[in-house]
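S.K.: Please read through the structure below; I'll follow up with questions.
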Ligand code: G16
Ligand code: MG
């Protein structure tokens with residue numbers, strides 16, 4: 001069967017999860033909300049709008065839609081300021097060899113990201129051409145853990161959900177892949193991503209024989 005290899009972006013291909021955190025932290029500080037790295041796990045893979053709601057819930061802050069809109073714009077401007085100098089050096093270790101291997105083996109590759117900034121990041125890092133399909137925050141209505149983003153990606157690649165393999169760094173993303181009946185591969189810590197079918201601390205720990213096994217499954 002034809003396989004679909006679907007990559008999350010933030011935290012899987014590039015270390016932008018760190019930038020999202022710094023940008024949100026700035027907003028949280030202004031609102032006097034305690035926002036730790038542990039809280040940040042709740043925001044990974046989650047849409048911008050939902051992320052703000054989670055932070056406001058943490059601080060038990062009620063806000064008008066007008067204020068929320070202002071903070072959403074502020075957060076994105078802060079986030080974008082970290083992306084200005086971004087280049088291929090920000091691609092996480094071990095990612096390129098896996099992308100290249102999949103290309104060599106003529107595998108279908110998609111991006112499945114919650115971010116509305118996905119395309120400029122792929123351009124800046126110079127890896128746009130590896131992706132047959134890009135599904136991002138501009139294309140979906142239901143955020144992860146809803147599997148919509150991955151289901152669209154698999155469909156566009158012409159693969160059944162069962163034949164899709166998803167690389168994810170977030171709990172919400174791993175859950176989305178599982179709910180979509182896809183093979184979930186968690187990139188990160190076992191204690192956070194234990195719901196994933198396979199877990200690796202990063203791509204340098206992924207052996208090409210493992211990828212070969214997925215291709216031939
Ligand atoms: C990413 C991040 C989330 C972020 C979301 C929206 O998703 O993990 O923390 O809130 O995108 O990003 P933006 O504000 O750029 O639209 P993913 O799915 O690539 O990990
Ligand atoms: Mg992510």
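S.K.: Can you tell me which residues in the stretch 178-216 are outside any loop (DSSP other than H, G, I, E, B), within 16 Å of ligand 1 (Cβ to nearest atom) and free of Cβ contacts under 8 Å to residues at least 24 places away in the same chain?
M.R.: Scanning the stretch 178-216 gives 178, 184, 185, 186.
S.K.: So residue 1 passes all but one of these: (1) within 27 Å of residue 165 (Cα to Cα); (2) more than 16 Å from ligand 1 (Cβ to nearest atom); (3) modelled with pLDDT of 95 or more. Which condition number does it fail?
M.R.: Only one criterion in (1) within 27 Å of residue 165 (Cα to Cα); (2) more than 16 Å from ligand 1 (Cβ to nearest atom); (3) modelled with pLDDT of 95 or more is unmet by residue 1, namely (3).
S.K.: Can you go through 27, 73, 33, 6 and tell me which one is outside any helix (DSSP H, G or I) and either more than 19 Å from the chain's Cα centre (by Cα) or free of Cβ contacts under 8 Å to residues at least 12 places away in the same chain (or both)?
M.R.: 33
S.K.: Would you pick out the residues in the stretch 36-65 that are part of a loop (DSSP other than H, G, I, E, B) and either within 16 Å of ligand 2 (Cβ to nearest atom) or within 19 Å of residue 114 (Cβ to Cβ) (or both)?
M.R.: Answer for the stretch 36-65, where residues must be part of a loop (DSSP other than H, G, I, E, B) and either within 16 Å of ligand 2 (Cβ to nearest atom) or within 19 Å of residue 114 (Cβ to Cβ) (or both): 41, 42, 43, 44, 45, 46, 47.
S.K.: List every residue pair whose Cβ atoms lie under 8 Å apart, where the two residues are 6 or more positions apart in sequence or sit on different chains, the first residue falls within the stretch 108-125 and is under 13 Å from residue 82 (Cβ atoms) and touching a residue at least 60 places away in the same chain (Cβ under 8 Å), and the second residue, located anywhere, is assigned to a loop (DSSP other than H, G, I, E, B) and away from ligand 1 (no atom under 11 Å from the Cβ).
M.R.: Pairs that qualify, where the first residue is under 13 Å from residue 82 (Cβ atoms) and touching a residue at least 60 places away in the same chain (Cβ under 8 Å) and the partner is assigned to a loop (DSSP other than H, G, I, E, B) and away from ligand 1 (no atom under 11 Å from the Cβ), are 121/86.
S.K.: Taking the stretch 1-35, which residues are closer than 25 Å to residue 94 by Cα and away from ligand 2 (no atom under 14 Å from the Cβ)?
M.R.: Across the stretch 1-35, the qualifying residues are 2, 3, 4, 5, 22.
The values are calculated or read from the model by the stated rules, or taken from the named source; none is laboratory data. Owing to the predicted nature of the structure, the values given are computational and were not obtained by experimental measurement. Positions of Cβ are backbone-derived with ideal geometry, glycine not excepted, and every protein chain shown enters the neighbour counts.
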